[in-house]
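*Asks:* Sharing a structure, written as structure tokens. Questions coming.
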Amino acid sequence: MNVTLAVKQYISKMIESSGPGMKVLLMDKETTSIVSVVYTQSEILQKEVYLFERIDSKNRDNMKHLKAICFLRPTKENVEHLIQELRRPKYSVYFIYFSNVISKSEIKALAEADEQEVVAEVQQIITKEYELFDFRKTEVPPLLLILDRSDDAITPLLNQWTYQAMVHELLGLNNNRIDLSRVPGISKDLREVVLSAENDEFYANNLYLNFGEIGTNIKNLMEDFQKKKPKDKQKLESITDMKAFVDNYPQFKKMSGTVSKHVTVVGELSRLVSERQLMEVSEVEQELACQNDHSSAQQNLRRLLQNPRLSEIDAVRLVMLYALRYEKHSSGILPSLMEELNRKGVLERHRKMIQTVVEYGGKRIRGSELIAPTDAVAITKQFFKGLKGVENVYTQHQPLLHDTLDQLIKGRLKDSQFPYLGPSSLRDR
């Protein structure tokens, strides 16, 4: 199910239900974030929504020519704001949509506040769209697989090397927005950029590609842009020339923005990879996660921990991986590694997290064998394709989920690890 598309359709229904005419979208803090994720400003403007306001804003003007579409969570604060709004309405008519169930007493309070009878509609989206949770009839009934994160505590600790994952991990992506204000030498118009697969073709096409491939594709994007870029001294000698320039300018401007944005993002990712030496970190991570050579692993880990450029978070995650991988090893060096973290000045609360991870996802807790003893025999080193200057890193780790789903499809999941509840005929199929 595409959740983004579903939410977009809900919001479209709200707007369309209000009929033609100029509209204002009245939201709270959370619903503002929801709308910003699924709609661009230009898209929603096409639906005659010309103003966006917060219900808790105290400086809104009276605009009786606008219809108000209220999209709010049914919190006590929002209901109280809405009551005050209806007592002194600023807009001609109100279409009210709550994101969840609202009590009868609160609906009554809203009705009593609506003395000027400006409310045209009140709806609860979740109750109206109950069919969202209905499964379509299929020849084979759906099967629910219940998993526990503690079965695989290793995967979340590894550095990821695909575009979307790196953006989340290294830059942070909040409501499709990246804060680049701390990037050295960043221009004012790139301090915050939007990355949305819905409206950015380059991002949509490169979400799951590895970092080396992204570098190649950025280079191709730049070359394509250079070919389409208007000449500095382009001659506009005729009406036809001017018309062609005007017609192509929006597309050129959009492409220019795409190029600037992704060159900046990939450039910052590259800087962070170099600054934090994440290629070396990732290589040791992969060795800890996939191989079975304790002597080599502990030597490489010690060497990396002594590197002054290794960040605190990377050092802690590496020791977490070691603690999970070699938890019961007869020659384990975890106490020594903990002392090394202490000498590096790692905060005590971060050092304590290592034992917490073992208690959460250690051998005593795991239902599955996370690390197979034959891993060392079957290790294959896979290298990135990429631009000159992009170092190769290991990417041999596969999440436990991959094997679990494979065993499920083949009907080989062990009942001792995944007890089955339901008709045996379904399990056999």
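*Asks:* Which members of the stretch 78-113 meet the condition of being touching a residue at least 24 places away in the same chain (Cβ under 8 Å) and of a type in the set (Asp, Glu)?
*Replies:* Those that are touching a residue at least 24 places away in the same chain (Cβ under 8 Å) and of a type in the set (Asp, Glu): 85, 106.
*Asks:* To continue, here is another question. Specify the residue that is least open to solvent (accessible area, probe 1.4 Å); the eligible residues are those in the stretch 180-201 that are more than 20 Å from residue 39 (Cβ to Cβ) and in a helix (DSSP H, G or I).
*Replies:* Checked the stretch 180-201; the qualifying residue least open to solvent (accessible area, probe 1.4 Å) is 190.
*Asks:* Pick out, from the stretch 370-429, the helices (runs of 4 or more DSSP H) lying fully within it that include 3 or more residues that are surrounded by 10 or more Cβ atoms within 10 Å (Cβ to Cβ) and modelled with pLDDT of 50 or more.
*Replies:* Once the helices (runs of 4 or more DSSP H) in the stretch 370-429 are filtered for at least 3 residues that are surrounded by 10 or more Cβ atoms within 10 Å (Cβ to Cβ) and modelled with pLDDT of 50 or more, what remains is 400-409.
*Asks:* Now a separate question. Inside the stretch 275-309, can you point out the residues that are surrounded by 18 or more Cβ atoms within 10 Å (Cβ to Cβ) and under 18 Å from residue 346 (Cα atoms)?
*Replies:* Of everything in the stretch 275-309, those that are surrounded by 18 or more Cβ atoms within 10 Å (Cβ to Cβ) and under 18 Å from residue 346 (Cα atoms) turn out to be 281, 301, 304, 305.
*Asks:* So which residues in the stretch 93-118 are out of contact with any strand residue (DSSP E or B) (no Cβ under 6 Å at 6 or more places or on another chain), assigned to a loop (DSSP other than H, G, I, E, B) and either among the acidic types (Asp, Glu) or more than 15 Å from residue 71 (Cα to Cα) (or both), if there are any at all?
*Replies:* 103, 114, 115, 116, 117
*Asks:* On the basis of being within 20 Å of the chain's Cα centre (by Cα) and in contact (Cβ under 8 Å) with a residue 40 or more places away in the chain, does residue 265 make the cut?
*Replies:* When the stated conditions are applied, residue 265 passes them.
*Asks:* Can you name the number of the only condition in (1) modelled with pLDDT under 75; (2) open to solvent by 40 Å² or more (accessible area, probe 1.4 Å); (3) assigned to a helix (DSSP H, G or I) that residue 232 fails?
*Replies:* (3)
*Asks:* Taking residue 48 as meeting all but one of (1) surrounded by 14 or more Cβ atoms within 10 Å (Cβ to Cβ); (2) out of contact with any Gly (no Cβ under 7 Å at 6 or more places or on another chain), write down the number of the exception.
*Replies:* (2)
*Asks:* Testing residue 7 on (1) surrounded by fewer than 19 Cβ atoms within 10 Å (Cβ to Cβ); (2) outside any helix (DSSP H, G or I), one condition comes back false. Which one is that?
*Replies:* Of (1) surrounded by fewer than 19 Cβ atoms within 10 Å (Cβ to Cβ); (2) outside any helix (DSSP H, G or I), only one is false for residue 7: (2).
*Asks:* If you don't mind, another one. Cβ-Cβ below 6 Å, separation at least six or inter-chain, first residue in the stretch 271-284 and over 16 Å from residue 302 (Cα atoms), second of a type in the set (A, V, I, L, M, F, W, C) and open to solvent by 10 Å² or more (accessible area, probe 1.4 Å): which pairs?
*Replies:* If the second residue must be of a type in the set (A, V, I, L, M, F, W, C) and open to solvent by 10 Å² or more (accessible area, probe 1.4 Å), the pairs left are 272/170.
*Asks:* Of the numbered conditions (1) loosely packed, with under 11 Cβ neighbours inside 10 Å; (2) at pLDDT 90 or above, residue 134 satisfies every one except a single condition; which is it?
*Replies:* (2)
*Asks:* Can you pull out every residue in the stretch 137-179 that is hydroxyl-bearing (Ser, Thr, Tyr) and surrounded by 10 or more Cβ atoms within 10 Å (Cβ to Cβ)?
*Replies:* Hits for the stretch 137-179 are 150, 155, 162, 163.
*Asks:* Just a yes or no: is a residue in the stretch 322-337 more than 17 Å from residue 362 (Cα to Cα), in contact with a helix residue (DSSP H, G or I) (Cβ under 6 Å, 6 or more places away or on another chain), open to solvent by less than 10 Å² (accessible area, probe 1.4 Å) and of a type outside the set (Ser, Thr, Tyr)?
*Replies:* Yes, the stretch 322-337 contains a residue that is more than 17 Å from residue 362 (Cα to Cα), in contact with a helix residue (DSSP H, G or I) (Cβ under 6 Å, 6 or more places away or on another chain), open to solvent by less than 10 Å² (accessible area, probe 1.4 Å) and of a type outside the set (Ser, Thr, Tyr).
*Asks:* So which of 53, 48 is over 15 Å from residue 29 (Cα atoms), without any contact (Cβ under 8 Å) to a residue 40 or more places away in the chain and either touching a helix residue (DSSP H, G or I) at 6+ places or on another chain (Cβ under 8 Å) or not basic (Lys, Arg) (or both)? Break it down into steps so the answer makes sense when it comes.
*Replies:* Numbers: 53 fails: over 15 Å from residue 29 (Cα atoms).
Every option except 48 fails the conditions.
*Asks:* Return the residue satisfying two criteria in turn: it lies in the stretch 87-104 and is among the hydroxyl-bearing types (Ser, Thr, Tyr) and surrounded by fewer than 17 Cβ atoms within 10 Å (Cβ to Cβ), and of such residues it is farthest from the chain's Cα centre (by Cα).
*Replies:* 92
*Asks:* While we're here: Could you tell me which residue of the stretch 249-274 is modelled with the highest pLDDT, considering only residues that are over 30 Å from residue 161 (Cβ atoms) and open to solvent by 90 Å² or more (accessible area, probe 1.4 Å)? Explain how you work it out, then say what you get.
*Replies:* Of the stretch 249-274, the ones over 30 Å from residue 161 (Cβ atoms) are 249-253.
Retained after the next criterion (residues that are open to solvent by 90 Å² or more (accessible area, probe 1.4 Å)): 249, 251, 253.
Values: 249: 51, 251: 60, 253: 63.
Among residues in the stretch 249-274 that are over 30 Å from residue 161 (Cβ atoms) and open to solvent by 90 Å² or more (accessible area, probe 1.4 Å), the one modelled with the highest pLDDT is 253.
The values are calculated or read from the model by the stated rules, or taken from the named source; none is laboratory data. All of these numbers come straight from a predicted model, not from anything done at the bench. Positions of Cβ are backbone-derived with ideal geometry, glycine not excepted, and every protein chain shown enters the neighbour counts. The protein model used for the area step is the full one, side chains on, heavy atoms only, and it has no ligands, DNA or RNA in it. Shrake-Rupley method; radii C 1.70, N 1.55, O 1.52, S 1.80 Å.
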